[in-house]
Each structure stands twice: as structure tokens, then as C-alpha cells.
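Shown next, in C-alpha cells, is the structure this report addresses.
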Amino acid sequence: MRIDIITVVPDILKSPFEASIMKRSIEKGLVDVQLHNLRDYTNDNYRQVDDYQFGGGAGMVMMIEPIDKCISKLKSERTYDEVIYMTPDGETLNQSISNQLSLKGNLIILCGHYKGVDQRVRDQFITKEISVGDYVLSGGELGALILCDAIIRLIPGVLGNETSALTDSFQDNLLAPPIYTRPADYKGWKVPEILTSGNFPKIENWREEQAYQRTKERRPDLLDQ
């Protein structure tokens, strides 16, 4: 998979791809992440990427021209499955969306900034709009990182255990069950006996029951999906 991220502040994005799972996925050649500074696609000495709103109003707007040049250049080099815009009014990111995008080959992610992008960008270039929650960030960069992490960890070969991602919260519209590790008895706080019984069919049944109960208590809305 290749992910191209368009941003006005690429420095925010660099370090997360230089550590942990995302770094290992890049080193293994499972994913190629490229950052593109939108200011490199401007014509003026000030490298301007934003301007005032037509009709007045507070906040600057990202201009269409540099975005068009960047996306057009990338599209001239390869075919993209999705051109994604990170925006508070997009579709809220969930596990289903992450699963779908992890199967794609090439993605472009455009990070909004300032007041947002010229609407014509959204009308002409964007194929999918994604939000990471009902709140507003200073830019789309942190949302893009969340999206990348959610996608990359699902690519086969990225995680050490292939089945680990399949048992994460939300995969079956359920939250994950309680988990424990050694010691089995710490200060009198004991691990449920079923987990040390060695009876794996019963353990799986227990985990399914726990996952259902936890979801019912904390996120009953998931059970309606």
C-alpha cells in the first residue's frame, strides 16, 4: 500500500512514522508513506496556500490551485483508490471504514487547515471525507495519523500475530473482553479461573459472553448496528 499525505505542516507527521508499528511496516516494505508539503506547489515568493473567504467571514481558506497541482501530479504517476479529505463534517471513522481502506492499494489523504479548503476541492477531487470525532482540531494532520494507524495495523504482516487485529474492539460491533497476564494472583486479585483452565472452547465462550456484556453496558448502540 502507498499513502500520500498532503499537508501544510509536514513536520507534525514525521515522527509517528519513525516509531513502533508504523515504522516497522515501512521498513518491511508493506506500506510506503510519502508526505507532500503543499507550499511546494505554489508560484509566489511567499508560498501562499490560503486566502480570505469570498463574501467575508472569519478564518482563512486553503486555495484550490496548489491542491489541484499536487493531486494532479500524484495522479499522473499512479492510480489512486481514494482521495480522502480529513474534515469534522465527514463520515465518522470506525472499524468498518478502516477494514475497507486497508484493502486498498493507493490512497491520498488531504489534511485540512485554517478554516478548511475551497469547496471546489471537495467537489472535484475528493472521493471520501472522514472525521475522527465530533470536535475540531487545528488541522487534519492528527486525524490523518489516526487514520493511517488504524489502516496500517490491519495490513497482513504488520502485526506479529495475524489474528490479533481480528479480536480488537469493534471488529464484530463488540468491545473487547477483559484480558489478563501473569501473575495469576497479585495481592489477592486473581485472574478468573476459566482463563487458566486450559479448556479453550469454554474460554472462547467466556470471552464472547464478556464482550457482549461489556458492549451492552458501555456501548449498547453498537449492538443495534
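The values are calculated or read from the model by the stated rules, or taken from the named source; none is laboratory data. Keep in mind that what you see is a predicted model, and the values were worked out from it rather than measured. In this analysis, Cβ positions are derived from the backbone assuming ideal geometry, glycine residues included, and neighbour counts consider all displayed protein chains. For the accessible areas, the whole protein counts, side chains as well, though only heavy atoms, and no ligand, DNA or RNA atoms are used. Shrake-Rupley method; radii C 1.70, N 1.55, O 1.52, S 1.80 Å.
Can you go through TYR41, TYR85 and tell me which one is touching a strand residue (DSSP E or B) at 6+ places or on another chain (Cβ under 6 Å), free of Cβ contacts under 8 Å to residues at least 60 places away in the same chain and not hydrophobic (A, V, I, L, M, F, W, C)?
After applying the criteria, what remains is TYR85.
Hey, could you check the range 194-215 for residues that are among the charged types (D, E, K, R) and touching a helix residue (DSSP H, G or I) at 6+ places or on another chain (Cβ under 9 Å) and say which is nearest to TYR180 (Cα to Cα)?
ARG207
Can you give me the number of residues within the range 141-155 that are open to solvent by 10 Å² or more (accessible area, probe 1.4 Å) and touching a residue at least 60 places away in the same chain (Cβ under 8 Å)?
Qualifying residue count for the region: 5.
Would you mind finding the one in LEU103, LEU93 that is without any contact (Cβ under 8 Å) to a residue 24 or more places away in the chain, within 30 Å of ASP221 (Cα to Cα) and among the aliphatic types (A, V, I, L, M)?
Only one candidate passes the filter, namely LEU103.
From the set of residues in the range 186-225 that are assigned to a helix (DSSP H, G or I) and of a type in the set (Phe, Trp, Tyr), which is nearest to ASN173 (Cα to Cα)?
Restricting to residues being assigned to a helix (DSSP H, G or I) and of a type in the set (Phe, Trp, Tyr), the top hit is TYR212.
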